[in-house]
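Have a look at the structure below before the remarks.
The values are calculated or read from the model by the stated rules, or taken from the named source; none is laboratory data. Nothing here was measured: the structure is a model prediction, and the numbers come from that model. All Cβ positions, glycine included, derive from the backbone under ideal geometry; neighbour counts span all protein chains shown.
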């Protein structure tokens, strides 16, 4: 089905051949599509070598990220949007969640596009990635978004999802700096089976490559004869899920179908043929025979926990028990997930069905779901089907071609464009409920789960076709392969541009500096942040030993949406679903650090140092309020999987966090977020990390000098809660660029840009 080949291959005569078996063929990695686009966007051009400094063609943010980004850029001196910047409103779209008025953020966004010259897409008009596909992506382009699923490779665009500070850099004319990434060929051949959709292929891919890190931080290049067998919606549906592989980005070969898609959306000039050149060398290969992929289900709590539906239904009890075991270990002892309860008389039943967002809400997915439900009923039990088209133009066409009517008649509820079902802000399943969703993620603590309050809900990922087949049986899990697809033909899509022309504000290049920003009462500026001092005394406020910690656990989604524009109020939710004691613990040192510029605050800092550290360390290194900062750190084995949201790091900073100590970072974007908020991305050996406990104090002497001297190692002492030295630890800071060191030294990106003047 999916094969991972850890060997360099060269493209010759349309075939991938191991480099070792093709010595007579001259090749280079520079002949890949990925390198052609990357090198064209390097400020250094073809000579950019191993360290890339990239400028993008456009930016995109949604309404739980753009306020903070614009506030950061304003504080750093931004006067206009120098490149097209799209602000969509698809995450914080509900009128009020958690007690604040979300529309205030939307009004801020509209006023910002008017002031700085941007593009504003009102709420319910389109989810962020669908608008970018329809109106911004193009062959050979590079786009950057503040959402992890920023993937437009199927349209010939290298797109990346990063935390907000990386967009701020682009708004200030700075660069996106990365080491040259490896490129992995995803070689597609064969043709999908009837009833098998893009989510099935995507889950099979994620299953094969996530756990082993096979494509982590690499670019996936989709090539091969299987590409032409796939429609554009099908390619897009696979492409958007590449985020869940932990890859850096993706790119696909383009063809007449790509050209037709762009022309349909009024942008025929954005097309150009993209193919790897003869002799292109790939670092690794993922081989996918599309004809062997079957309908899939990804059980909680990760898209990689995937099984063929037929395999699962043949042995549900054993698979569910193993899943329960893994999930409950992750949840701790606060709540218990019971999935075997869903087995009734040998059949597996779900409580809710959702087709939504950038992965599920495409035109072809919804039309296929309508076909699967034609003349049938979702039933009048608890299991409901909700369908969210990814944009209003898609919904308009579904109304015109009758698919919306077919779904509505069957009992499905048609919604507007909204990402809520993907991150727990819409159609949250009930306590102990299991929802099947054609969306992007099914992490723990994402879809309404609040383990600290004894509440648990979970999600399994499936393709829209199998979800519709399941809904037609009242929630009894059913593979779409069980249906007869012989009479099905995907309807033709007609795009009506008037939907956007009549509502989208397109002010790129037309900013009005006199326009006042609309600042609602919940929109707050970032707090003052100190530069990195010579020494740090940091208390461990959270110790997380899970194999992976997601950004949803670091800062929950869902109920926090209303507070994303208020750093202080949002910080109160930090680690609330994983380590609810964290906030109170972090505030102890945060309050001293905030006040350290005053005589009273300095005295408190010195009293804390004297009370917590052995006198031998205080005497040896002369720690005092002038040369030593106090704060907190968290230890996590592998944090940062999932979302690009910068708040996973900024909330720690607001609470006085100075560092993360880890064995490994799950994603580049989370590590970048830490750095951009002035936090040390420390890595420790497992044998040292084993000694860390909540309440321990980490003492870092000469940490500022370590950065200015370009050291990659930092020495520290771990002191117990009783004041005894437990261990001397050496931490690594691998791969810090000069610019990243300057940001940490300044205390955060905002401070660094203010220094720049």
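When you scan the stretch 625-637, do you find a residue that is in the same structural domain as residue 687 (by TED's automatic domain parsing), part of a helix (DSSP H, G or I) and touching a residue at least 24 places away in the same chain (Cβ under 8 Å), even just one? No: zero hits.
Within the stretch 681-714, the set of residues being free of Cβ contacts under 8 Å to residues at least 60 places away in the same chain, in contact with a strand residue (DSSP E or B) (Cβ under 9 Å, 6 or more places away or on another chain) and within 13 Å of residue 534 (Cα to Cα) comprises 706, 714.
Of all residues in the stretch 60-81, exactly one satisfies the criterion of being farther than 23 Å from residue 529 by Cα and over 25 Å from the mean Cα position of the chain (by Cα), namely 80. Residues that are over 21 Å from the mean Cα position of the chain (by Cα) and closer than 30 Å to residue 443 by Cβ number at least 3 in the following strands (runs of 3 or more DSSP E) confined to the stretch 203-289: 284-289. A single entry from 337, 395, 320, 331 fulfils the requirement of being under 18 Å from residue 421 (Cβ atoms) and within 30 Å of the chain's Cα centre (by Cα): 395. Please tell me if residue 59 is more than 19 Å from residue 393 (Cα to Cα), touching a strand residue (DSSP E or B) at 6+ places or on another chain (Cβ under 7 Å) and crowded, with 23+ Cβ neighbours inside 10 Å. Yes. Checking each residue in the stretch 536-588 for being surrounded by fewer than 22 Cβ atoms within 10 Å (Cβ to Cβ) and either part of a helix (DSSP H, G or I) or assigned by TED's automatic domain parsing to the domain that holds residue 456 (or both) picks out 559, 567, 568, 569, 583, 584, 585, 587, 588. Taken residue by residue, the stretch 740-747 has at least one member that is in contact with a strand residue (DSSP E or B) (Cβ under 7 Å, 6 or more places away or on another chain) and either part of a helix (DSSP H, G or I) or at pLDDT 90 or above (or both).
Between a residue in the stretch 385-396 that is surrounded by 24 or more Cβ atoms within 10 Å (Cβ to Cβ) and any residue that is in a strand (DSSP E or B), which pairs come within a Cβ distance under 6 Å, given they are 6 or more apart or on different chains? Close Cβ pairs (under 6 Å, with a partner that is in a strand (DSSP E or B)) amount to 385/353; 387/355; 387/414; 391/126.
Among all positions in the stretch 663-671, there is at least one residue which is in contact with a strand residue (DSSP E or B) (Cβ under 7 Å, 6 or more places away or on another chain), in a loop (DSSP other than H, G, I, E, B) and buried (at least 24 other Cβ atoms within 10 Å of the Cβ).
Among the candidates 185, 208, which residue alone is within 30 Å of residue 368 (Cα to Cα) and either free of Cβ contacts under 8 Å to residues at least 40 places away in the same chain or buried (at least 24 other Cβ atoms within 10 Å of the Cβ) (or both)?
Unique residue meeting the criteria: 185.
Tell me whether the stretch 82-89 contains one or more residues that are in contact (Cβ under 8 Å) with a residue 40 or more places away in the chain and in a helix (DSSP H, G or I). So far as the stretch 82-89 goes, no, none of its residues is in contact (Cβ under 8 Å) with a residue 40 or more places away in the chain and in a helix (DSSP H, G or I). Within the stretch 439-462, the only residue that satisfies the criterion of being over 18 Å from residue 642 (Cβ atoms) and in contact with a strand residue (DSSP E or B) (Cβ under 6 Å, 6 or more places away or on another chain) is 462. A search for C-beta distances below 7 Å between a residue of the stretch 577-589 that is over 17 Å from residue 659 (Cβ atoms) and any residue that is part of a helix (DSSP H, G or I), counting only pairs 6+ apart in sequence or on different chains, returns 577/451; 577/452; 577/553; 578/553; 580/452. Scanning the stretch 160-174 for residues that are in contact with a helix residue (DSSP H, G or I) (Cβ under 7 Å, 6 or more places away or on another chain) and under 20 Å from residue 251 (Cβ atoms) yields a count of 3. For residue 159, the conditions (1) assigned to a loop (DSSP other than H, G, I, E, B); (2) within 17 Å of residue 220 (Cβ to Cβ) are fulfilled apart from (1). Residue check: is residue 320 closer than 28 Å to residue 236 by Cβ, surrounded by fewer than 24 Cβ atoms within 10 Å (Cβ to Cβ), outside the structural domain of residue 547 (by TED's automatic domain parsing) and touching a helix residue (DSSP H, G or I) at 6+ places or on another chain (Cβ under 7 Å)? Judged against the criteria, residue 320 is not a match. Assessment of the stretch 689-697 against the conditions (in contact with a helix residue (DSSP H, G or I) (Cβ under 9 Å, 6 or more places away or on another chain), buried (at least 20 other Cβ atoms within 10 Å of the Cβ) and outside any helix (DSSP H, G or I)) yields at least one matching residue. The residue of the stretch 1-41 that is farthest from the chain's Cα centre (by Cα), among those that are in a helix (DSSP H, G or I) and at pLDDT below 80, is 21. Scanning the stretch 614-631 for residues that are buried (at least 18 other Cβ atoms within 10 Å of the Cβ) and under 39 Å from the mean Cα position of the chain (by Cα) gives 625, 628, 629, 630, 631. The requirement of being touching a strand residue (DSSP E or B) at 6+ places or on another chain (Cβ under 7 Å), under 28 Å from residue 573 (Cβ atoms), surrounded by fewer than 21 Cβ atoms within 10 Å (Cβ to Cβ) and modelled with pLDDT under 95 is satisfied by residue 415. All of (1) touching a helix residue (DSSP H, G or I) at 6+ places or on another chain (Cβ under 7 Å); (2) surrounded by 24 or more Cβ atoms within 10 Å (Cβ to Cβ); (3) over 25 Å from residue 548 (Cα atoms) hold for residue 475 with one exception: (1). Considering only residues of the stretch 62-80 that are touching a strand residue (DSSP E or B) at 6+ places or on another chain (Cβ under 8 Å) and assigned to a loop (DSSP other than H, G, I, E, B), which is farthest from residue 391 (Cα to Cα)? Result: 63.
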